[in-house]
Every structure is written in C-alpha cells, then in structure tokens.
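Data block below; observations after.
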Amino acid sequence: MTVPAHHPAPELLLDYAAGSLREVQSLLVAAHLAYCPDCRAQVTELEACGGVLLSDLPPEPVSDSLFGTLMTRLDTTIAAPAPVPTPAGKSLFPGPLRRAIGAEPEALEWVRVVPGVHLSAWGVSAGTASACLLRMAPGSRVPAHRHTDSEMLLVMKGGFSDEFGAYRVGDVASYDTGTPHHAVADADGECLCLLVQDQPLVFTGLLGWLLNRGFRF
Ligand SMILES: [Zn+2]
C-alpha cells in the first residue's frame, strides 16, 4: 500500500494527541492513522511531549470524593461491552471504523443521492458534527455543493479528484466553510469514503434546489 499524500491538518493531530479533538473528527483521524506511518509517528511524538509537560506540573491536592468518582468512572469504562472484532485483514475498514460501524459496506443500507452516489444509512453525530459513508460508482460525480462549515473525507477504497487534487486510499481531503468543489470518482473502480461534516451540506444549482428540498432521484 502506498503512503497517503494528503493528511489531516497539524492542529487536528495535536488535538488528537492531547485527547481534546471532538469525537467525530477523532474517528476520522484514528482511521487515517491506520494508513499513515508519518502521522502515527507525529502523534506518538506529540503524546510523548504531552506526557513530559504533565510530569513537569506540580502535583495538585485532590479530595477523597474526586478519587472515588474517578475510580467509579474507571470501573464503568472497564465494564463497557467490547466491540465484536472482525477478523483482521478481511475488513475494508481500518480498525477504529470497523469497531464503530460493526458491519462491512455490503451489509449496510445506502441512500441514493443521485445515480451512482450513495450515503450510508449508518452514521454517528455529536454536537454539530456528523459522520457517514460516501460511496461513488466509477466516474460518478457528487452534485455541486458548498459547505456551511468544514468537511473532511477519508478515502478507504478507490479514489476521487476535485479542483484541489487527487485523493487515494488513506488520503484526507479537507474543505473549509463555503468552499465549493466538484468531486469525481476515478473511472477504474468504486470509491468509498468516510465523510465528516460539521453542518449539513447545501447543494447548489437547480439540482441542489431539488435535493435540498428532499427530492431523490
Ligand atoms: Zn497522515
């Protein structure tokens, strides 16, 4: 497998290493790390730096009740049911996503946006952010849309291109608020991506007018 050429923004890796990145974005970064030795090394280094900073802080006295609360939380975490593992090497999804979804693409339900372009019925959301899967048939186009907030795509199968570049397995495409782009799947195979958004997409043009009003084709 080739090494990814497009990575999450450095500040996302920093927040991820510090444990302060929001849940949905963390899922995408964790999935990217499964493909990317460079970002894994950076996160390891950042975590080590964070550990040194923490160890340099003077100790703070804590109450007995806080200690008890912490132990209760640890018990709760340990008691949580473990996700059902999928046999290694047989899943299309990297580990963190495999655990979050619990099924392979063929077992999921899909909602058609336009011919050749589907979104998974599976999704997660937390606050204003949400994630689902985007599936594009060979050569298909995602309808023109702009973003009411940021969007990230992680390619897990095939590839696509837009005005900003070509993205292959393991790559992360990031779009800022209001950035229009026109993604086209590679012609030689299906493209499957993890799609993370902070707000719903707004499709533009006549097709967008229909889609934004709930029409399906
Ligand atoms: Zn990377």
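The values are calculated or read from the model by the stated rules, or taken from the named source; none is laboratory data. Given the structure is predicted, the values throughout are model-derived calculations rather than measurements. Positions of Cβ are backbone-derived with ideal geometry, glycine not excepted, and every protein chain shown enters the neighbour counts. Each accessible area value is taken on the protein alone, full model and side chains, heavy atoms only, with ligands, DNA and RNA left out. Shrake-Rupley method; radii C 1.70, N 1.55, O 1.52, S 1.80 Å.
Worth a mention:
- Hey, GLN42 assigned to a helix (DSSP H, G or I), open to solvent by 60 Å² or more (accessible area, probe 1.4 Å) and at pLDDT 90 or above or not: yes
- Number of residues in the stretch 2-12 that are surrounded by fewer than 16 Cβ atoms within 10 Å (Cβ to Cβ) and within 13 Å of the ligand (Cβ to nearest atom): the value is 5.
- Tabulated pairs, the stretch 29-43, first near the ligand (Cβ under 8 Å from one of its atoms), second open to solvent by 60 Å² or more (accessible area, probe 1.4 Å) and charged (D, E, K, R), C-beta under 7 angstrom, 6+ apart or interchain: LEU33/ARG40
- Matching residues, the stretch 153-169, being aliphatic (A, V, I, L, M), closer than 26 Å to GLY102 by Cα and open to solvent by 20 Å² or more (accessible area, probe 1.4 Å): VAL169
- Hey, VAL169 assigned to a loop (DSSP other than H, G, I, E, B) and touching a residue at least 60 places away in the same chain (Cβ under 8 Å) or not: yes
- Within the stretch 13-28, the only residue that satisfies the criterion of being open to solvent by less than 70 Å² (accessible area, probe 1.4 Å), away from the ligand (no atom under 12 Å from the Cβ) and hydroxyl-bearing (Ser, Thr, Tyr) is SER26.
- Out of VAL172, VAL113, VAL117, sole residue that is more than 25 Å from TYR35 (Cα to Cα) and buried (at least 16 other Cβ atoms within 10 Å of the Cβ): VAL113
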